[in-house]
Amino acid sequence: MADAQFPGWHGTTIIGVKKAGEVVVAGDGQVTFGQTVIKGSARKVRRLSPGGFEVVAGFAGSTADAFTLLERLESKLEATPGQLARASVELAKDWRTDKYLQKLEAMLVVTDGAEIYVITGAGDVLEPEHDVTAIGSGGNYALAAARAMMDTDYTAEEIARRAMAIAADICVYTNGNLTVEKISK
């Protein structure tokens, strides 16, 4: 995937932190097109409630593609109420096999407050090993910072906010204007 073909791919950082019975998903607000900042206050973390089942999802990549995936995820959740893992696997299968969906350039972090997953267009549904995951251009910076804080007394939200601040200081495609959603089971 070349930057010339998908100039918006480097556009964000999303982190998910699970600690003490709570999951927090945080995302920055920066939207870039190539090397230009277009907007600094986008909401890339959303709360979904298909059929009364609450899920928090954050996305990195192309916004239009991410919204298409969020709509598909909602449909899968409606078809499999209360089963985030199954809905995520069904979305990943469709994403990998459907010719239209295969072209979508985005990744998702999803949680129901009990489990947390990363869903990719390669057909992956990944559950983090250390109760923290991150995607996007600053994802590795946020992930490393959060993992270093997991054994502290910080709450899930404090870890997510501090890790995102570190990523924003390092990654030019990430800013400090956060959207934070908390969910517990």
Every pair of residues 6+ apart whose Cβ atoms lie under 6 Å, when the first sits in segment 14-42 and is closer than 9 Å to Ala156 by Cα while the second is assigned to a loop (DSSP other than H, G, I, E, B)
Lys18/Asp131; Val23/Gly113
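Would you confirm, using the coordinates I've provided, whether Lys93 is more than 13 Å from the chain's Cα centre (by Cα), basic (Lys, Arg) and either closer than 22 Å to Arg47 by Cβ or modelled with pLDDT of 90 or more (or both)?
On the way: more than 13 Å from the chain's Cα centre (by Cα): yes; basic (Lys, Arg): yes; either closer than 22 Å to Arg47 by Cβ or modelled with pLDDT of 90 or more (or both): yes.
The answer is yes for Lys93.
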Which of (1) assigned to a helix (DSSP H, G or I); (2) of a type in the set (A, V, I, L, M); (3) surrounded by fewer than 19 Cβ atoms within 10 Å (Cβ to Cβ); (4) touching a helix residue (DSSP H, G or I) at 6+ places or on another chain (Cβ under 8 Å) is the odd one out, the single condition Ala122 does not satisfy?
(1)
Ala163 vs. criteria under 13 Å from the mean Cα position of the chain (by Cα) and among the hydrophobic types (A, V, I, L, M, F, W, C):
no
Given (1) farther than 16 Å from Val55 by Cα; (2) outside any helix (DSSP H, G or I), number of the condition Ile159 does not satisfy
(2)
Which pairs do you get when a residue that is under 19 Å from Ala167 (Cβ atoms), found in segment 114-143, comes within reach of a residue that is β-branched (Val, Ile, Thr) and assigned to a helix (DSSP H, G or I), reach meaning Cβ atoms under 9 angstrom, with the pair 6+ apart or on two chains?
Val132/Ile159; Gly138/Ile166; Gly138/Ile170; Tyr141/Ile166; Tyr141/Ile170; Ala142/Ile166
Looking at (1) surrounded by fewer than 16 Cβ atoms within 10 Å (Cβ to Cβ); (2) modelled with pLDDT of 95 or more, which one does Glu181 not meet, given that it meets all the others?
(1)
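The values are calculated or read from the model by the stated rules, or taken from the named source; none is laboratory data. Just so you know, these numbers come straight off a predicted model, no measurement behind them. Every residue, glycine among them, receives a Cβ derived from its backbone with ideal geometry; neighbour counts consider all protein chains shown.
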